[in-house]
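> Let me give you the structure first, and then I'll get to my questions.
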Amino acid sequence: MTTPSHPLTRRRLLQASAAALPLPAFAQGATRELRIGHQKGYLSLLKGRGTLAQRLAPLGVKLSWTEFTAGPVQLEALNVGSIDFGDVGEAPPIFAQAAGAPLAYVAATVPRPQSEAVLVPEGSAIRSVTDLKGKRIALNKGSNVHYFIVKLFEKHGLAYGDLQLVYLPPADARAAFEKGSIDAWVIWDPFLAAAEKTLGARVLADATGVVGNRAYYFSSLNYANRNADVIRMLIEEIDKVDQWGKANRDALATELSALWGIPKPVVDLSTGRTQFGTGPVTRAILAEQQQVADTFLALKLIPKRIDVLDAAPAGLA
């Protein structure tokens, strides 16, 4: 998951990223092309391996990569036609679809519930979820963990009104957590692992049995429906990286540590609890996203109800 930013900041980031993007395929004379937007993560590892370019070459598909700072910026790039594919968490596509972006969910990871959690200080008197009632809880507004905390409270018989939420991006939330100005912090990896390793934070509850916490890969409806073979190969290559990571967690942590600039022991903790596997989206998976969308509508985080199936590619299982 990534931190939403001010619209002007996002626009400047998008303009800077778009300036480095290649011209459309028709201007280059290529038959087809695939323009991938990515954050520093698994798509970066795929790029470094070069296997996708090898698979696409016989199809005459021109491949290009552009790195972005956040999922929402990638979705804006998709909306203006600058990229064809990207990676994102649960929440940003909900806001993008509500704003009319022509996105298509094309792939999803397996659930990763252990990769997000509620943290409390090691010596905190808070010992259960019900102890959070009335306490100051920091989280990133409209993010995957926002959805998680709502569902966690529902599971334990608490109402949304019992929450005293403090909306802070991860860096500011960590600072508040260190100072003791908040009672709990709801966060995802690798921020979660970093707080456990360097602050001695204690996990009160993770998302196991509460929400799925999947990551998603998206395209535009037009691109996905016209280039189903390219998308299929891309998903297969992403899953190969996933399966390699599952079998080689230490080597994966070494690569991600260098990529993220985070100490390897932190990444070891994060990758050690990661669930691996990526495949095409299904109706069942998008039903999970519909629950996120409906929850955000109830919280008035989006202005209207959306049907997530409107963002499904053709031939959905």
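> Taking the stretch 166-210 only, how many residues are open to solvent by less than 40 Å² (accessible area, probe 1.4 Å), of a type outside the set (Asp, Glu) and under 14 Å from VAL118 (Cβ atoms)?
Residues that pass the stated criteria total 16.
> Turning to a different aspect of this structure: Only one of these is in contact (Cβ under 8 Å) with a residue 40 or more places away in the chain and among the small types (Gly, Ala, Ser): ALA247, ALA258, ALA228, ALA253. Name it.
ALA228
> Here's something else I'd like to know. All but one of (1) at pLDDT 95 or above; (2) open to solvent by 50 Å² or more (accessible area, probe 1.4 Å); (3) not in a strand (DSSP E or B) hold for THR69; state the number of the condition that does not hold.
The one condition THR69 does not meet is (1).
> Among the residues of the stretch 130-141 satisfying the criterion of being open to solvent by less than 40 Å² (accessible area, probe 1.4 Å) and touching a helix residue (DSSP H, G or I) at 6+ places or on another chain (Cβ under 6 Å), which is farthest from ALA298 (Cα to Cα)?
So the residue we want is ALA138.
> Within the group ASP229, ASP239, ASP250, which residue is part of a helix (DSSP H, G or I), open to solvent by 20 Å² or more (accessible area, probe 1.4 Å), of a type outside the set (S, T, N, Q) and touching an Asp or Glu at 6+ places or on another chain (Cβ under 8 Å)?
Only one candidate qualifies: ASP250.
> Follow-up. When you scan the stretch 123-175, how many residues do you find that are modelled with pLDDT of 95 or more, hydroxyl-bearing (Ser, Thr, Tyr) and more than 20 Å from GLY71 (Cα to Cα)?
3
> While we're looking at this one, here's another question. Return only the number of the condition from (1) modelled with pLDDT of 95 or more; (2) open to solvent by less than 50 Å² (accessible area, probe 1.4 Å); (3) in contact with a Leu (Cβ under 8 Å, 6 or more places away or on another chain) that LEU309 does not satisfy.
Only one criterion is unmet by LEU309, namely (2).
> Please identify the pairs in which a residue from the stretch 286-302 that is free of Cβ contacts under 8 Å to residues at least 24 places away in the same chain has its Cβ atom under 7 Å from the Cβ atom of a residue that is among the aliphatic types (A, V, I, L, M), counting only partners at least 6 apart or on another chain.
Every condition considered, the pairs that remain are GLN290/VAL308.
> Working carefully through the options LEU152, LEU139, find the one that is closer than 19 Å to GLU288 by Cβ and free of Cβ contacts under 8 Å to residues at least 60 places away in the same chain.
Result: LEU152 is the single residue among LEU152, LEU139 that is closer than 19 Å to GLU288 by Cβ and free of Cβ contacts under 8 Å to residues at least 60 places away in the same chain.
> To continue, here is another question. Look at the stretch 205-256 and say how many of its residues are among the hydroxyl-bearing types (Ser, Thr, Tyr) and closer than 21 Å to ALA70 by Cα.
4
> State yes or no: is LEU204 assigned to a helix (DSSP H, G or I), closer than 24 Å to GLY272 by Cβ and in contact with a strand residue (DSSP E or B) (Cβ under 7 Å, 6 or more places away or on another chain)?
For LEU204, the condition - assigned to a helix (DSSP H, G or I), closer than 24 Å to GLY272 by Cβ and in contact with a strand residue (DSSP E or B) (Cβ under 7 Å, 6 or more places away or on another chain) - is not met.
> What are the residues in the stretch 85-130 that are outside any strand (DSSP E or B) and of a type in the set (A, V, I, L, M), if any?
Those that are outside any strand (DSSP E or B) and of a type in the set (A, V, I, L, M): ALA91, ILE94, ALA96, ALA98, ALA99, ALA101, VAL110, ALA125, ILE126, VAL129.
> Related question: Filter the stretch 95-136 down to the residues that are among the polar types (S, T, N, Q) and touching a Gly at 6+ places or on another chain (Cβ under 8 Å) and list them by number.
Scanning the stretch 95-136 gives THR109, THR130.
> Test of understanding: among TYR160, TYR223, TYR216, which residue is at negative phi and open to solvent by 30 Å² or more (accessible area, probe 1.4 Å)?
Result of the check over TYR160, TYR223, TYR216: TYR160.
> If we scan the stretch 87-96, do we find a residue that is open to solvent by 10 Å² or more (accessible area, probe 1.4 Å), over 22 Å from the mean Cα position of the chain (by Cα) and in contact (Cβ under 8 Å) with a residue 12 or more places away in the chain?
The answer is no, given that none of the residues of the stretch 87-96 is open to solvent by 10 Å² or more (accessible area, probe 1.4 Å), over 22 Å from the mean Cα position of the chain (by Cα) and in contact (Cβ under 8 Å) with a residue 12 or more places away in the chain.
> THR295: surrounded by 14 or more Cβ atoms within 10 Å (Cβ to Cβ), within 26 Å of LEU163 (Cα to Cα) and of a type in the set (Val, Ile, Thr), yes or no?
yes
The values are calculated or read from the model by the stated rules, or taken from the named source; none is laboratory data. Since we're looking at a predicted model, the values are computed, not measured. FYI the Cβ positions are ideal-geometry reconstructions off the backbone, even for glycines, and counts take in every protein chain you see. Accessible surface is based on the protein model in full, side chains and every heavy atom, while ligands, DNA and RNA are left aside. Shrake-Rupley method; radii C 1.70, N 1.55, O 1.52, S 1.80 Å.
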